[in-house]
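Undergrad: Provided herewith is a single structure, encoded as structure tokens, for subsequent inquiry.
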Amino acid sequence: MENQRSAVDGRRDALRVVDGVRLAVRALVYVTLGGVALIAIATVASVLGPALALDLATPAMAAWWTVFTAVVVQGVPFLLLGTLVSAAVEAFVPERVFSRLLPRNPALAVPVAGAAGVVLPGCECASVPVAGSLMRRGVAPAAALAFLLSAPAINPVVLVATSIAFPGQPLMVAGRLVASLAAAVVMGWLWVRFGKEQWLRLPKGRTAPTAPSSGWARLHDFRSGLQHDFLHAGGFLVVGAAAAATFNIVVPRSVLDVFTGSPWLSVLLLAVLAVVLCVCSEADAFVAASLTGFSPTARLAFMVVGPMVDLKLIALQAGTFGRAFALRFSAVTWLVAVTSSVLVGWWLL
């Protein structure tokens, strides 16, 4: 009788694992197909939308639509990457892994987490859900925030893209690496010293913990996390893209030309433009390289600020960690990133 019961229990466990695999694969397929469909729709809309807008309204509406769809098309693939990583960390990585890799002292964990940003080849859209997942797994908020800021700016894809955009200028690549990592670490230390718990709405787990040995439960957690993070963050990506497109239409280019004659004003101008243009970190180096009328330090500021503070990132942070946190954190991050860019540019460039 005991052997029969064991056999029945074994078959039930096997069926649960199979069901869990089926659910996880189905969720992955749905989210992947949804992301691909969204990219395809946005691409077609970016081609047909301007022509339709010209017929129905004004060229300004056509330009708005083009910028909006470009930001969304750039951000969705990396947002999908970030939600995949976030769901995998949440479901499959035990908390003890982070406790072993990171020092217990938050001040020491910040530079380690900042340097670890080099391993994630994604943009700021991917870093927000990953940072939220790290906090849910017990990582100190200061370390997770340092990772959030450094990952989009110092990963190998971004550094290679920067070297291609600025051929024969290795100091520009080094300047971006040093300034971005320094800003991320400083922000982590500032949170250790001055951050308050009530400012940060820590992300909550979406499912109750289950037995560690239950493969079905882990796959179910992965499916739930993937669906939740992708749909939740995707809405704020759209809000940020709409804000960036609106700025591009409202502010005339003649206003921007006034600032190119002053080195200091040019740095501030490109630092502000980095916030509102929402260029993906893999592509912002090529935009910076095209701004030949600006100083190397101003272009460095554009590349350092953009992956850390832009409209879509502020919207993503507000949806994940709370609006109060996003406003405070983004404002201070902008100041630290600009200061780091100026100091490193004066030193290297």
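Undergrad: Criterion first (in contact (Cβ under 8 Å) with a residue 12 or more places away in the chain and open to solvent by 10 Å² or more (accessible area, probe 1.4 Å)) does V272 satisfy it?
TA: no
Undergrad: Within the set of pairs 6+ apart or on separate chains, which have a first residue in segment 123-139 that is on the phi > 0 side of the Ramachandran plot, a second that is at pLDDT below 75 and surrounded by fewer than 24 Cβ atoms within 10 Å (Cβ to Cβ), and C-beta atoms under 7 Å apart?
TA: Note: pairs meeting the criteria are G138/E95; G138/F98; G138/S99.
Undergrad: Follow-up question, since we're still on this one. Between W189, W216, which is out of contact with any Phe, Trp or Tyr (no Cβ under 9 Å at 6 or more places or on another chain), in a helix (DSSP H, G or I), at pLDDT below 75 and open to solvent by 50 Å² or more (accessible area, probe 1.4 Å)?
TA: W216
Undergrad: Out of A179, A184, report the one residue that is over 16 Å from the mean Cα position of the chain (by Cα), within 15 Å of V309 (Cβ to Cβ) and buried (at least 24 other Cβ atoms within 10 Å of the Cβ).
TA: The conditions single out A179.
Undergrad: Kindly indicate whether any position in segment 94-106 is in contact with a Phe, Trp or Tyr (Cβ under 6 Å, 6 or more places away or on another chain) and modelled with pLDDT under 80.
TA: Within segment 94-106, not a single residue is in contact with a Phe, Trp or Tyr (Cβ under 6 Å, 6 or more places away or on another chain) and modelled with pLDDT under 80.
Undergrad: How many residues does segment 159-168 hold that are outside any helix (DSSP H, G or I) and free of Cβ contacts under 8 Å to residues at least 60 places away in the same chain?
TA: So the count comes out to 2.
Undergrad: A follow-up question, please. Quick one: which residue in A88, A62, A109 is surrounded by 20 or more Cβ atoms within 10 Å (Cβ to Cβ), in a helix (DSSP H, G or I) and at pLDDT 70 or above?
TA: A109
The values are calculated or read from the model by the stated rules, or taken from the named source; none is laboratory data. These figures come from a predicted structure and were not determined experimentally. With ideal geometry, Cβ positions are generated from the backbone for all residues, glycine too; neighbour counts draw on all protein chains shown. Please note that ligands, DNA and RNA were not included when accessible areas were found on the heavy atoms of the full protein model with its side chains. Shrake-Rupley method; radii C 1.70, N 1.55, O 1.52, S 1.80 Å.
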